[in-house]
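Bear in mind that the values in this text are calculations on the coordinates, not laboratory data. This is a predicted model, so every value here is computed, not measured. Backbone-built Cβ (ideal geometry, glycine too); neighbour counts: all protein chains shown.
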Amino acid sequence: MHIASAIFDCSAPDLASCPDESLPEFAFIGRSNVGKSSLLNMLAGKHGLARVSPTPGFTKLINIFKMNKTWRLVDLPGYGHAHVARKDRAQFNEAVADYLQHRSNLCQVFALIDSVLPPQKIDLEFVHWLALNNIPFVLVFTKTDRVKPTEAAANMTAFNAGIAEWCQPLPPTFTCSATTQQGRSELLGQIQDKLDAIQIEVLSQPEPTPLAQEIPEEKLPPIGRGMPIRATHAKRHNPARPW
């Protein structure tokens, strides 16, 4: 995939403030200080698109970027930073959970995991939450330039072993480094594959018959929800940790 344009769309404090659902969205999220902003800038090929801050937990809004005028990249607030005020943390975690569970045009979540570290409980819990809520996701192990390949491989193997009970089959796994650009083509390729699948599904749908014009307006689907992005998930009980 070639990124011809990457434009900031908006920052939303909650799901209701997000743009219409007419474009497919791909969301990136991870523990604070996992290198998310640097990764997003690498993918977009645009330095400074997502603001990189030395302060962990800087992103507190749902930041949305329009890519190639055809899909959106979504930068979700990180989780697990203790220095964020408890009240604010609860507010943006609730907004993230609402977005992940109810955004109908969300195609896939890219869950970022630090490859330098052994499996962290908070990351395992978050992936468990994604699995419980049937949210489609892949794993992306970041910062591969900062660790020996054997250590990164061991950490990845241990993490997959930790989620195997909840995730069968295991989700697709990618590695990346914002410093060396490693993994960029693979991640963009994953997004392109999803976009291609959506296009095929749209083209395979039968054209509406004249009878469709007689359907009462109140029974028509909301504007922007006609694209078959993903099935609506049944509401499940949330674990104790708010996201």
Problem - For the range 116-177, the fraction of alpha-carbon pairs in successive 5 Å shells from zero, as % - result: 4, 18, 30, 25, 15, 7, 1
Exercise for the section: Order these peptides, 193-201, 70-78, 42-50, 142-150, by their mean beta-carbon neighbour count within 10 angstrom, highest first. Expected result: 70-78, 42-50, 142-150, 193-201
Problem - Residues in the range 118-132 that a label on E151 would reach, taking backbone N under 15 Å of a point 7 Å out along Cα→Cβ - result: 118-119
Completion exercise
Placing each pseudo-label 7 Å from Cα in the direction of the beta carbon, A158 and S22 end up separated by a distance in nanometres of 4.8 nm
Practice task
Could you pull out the pairs from K121/K194; K66/K194; K36/K143; K66/K143; K36/K60; K121/K148 whose alpha carbons sit more than 18 Å apart here?
Solution key: K121/K194; K66/K143; K121/K148
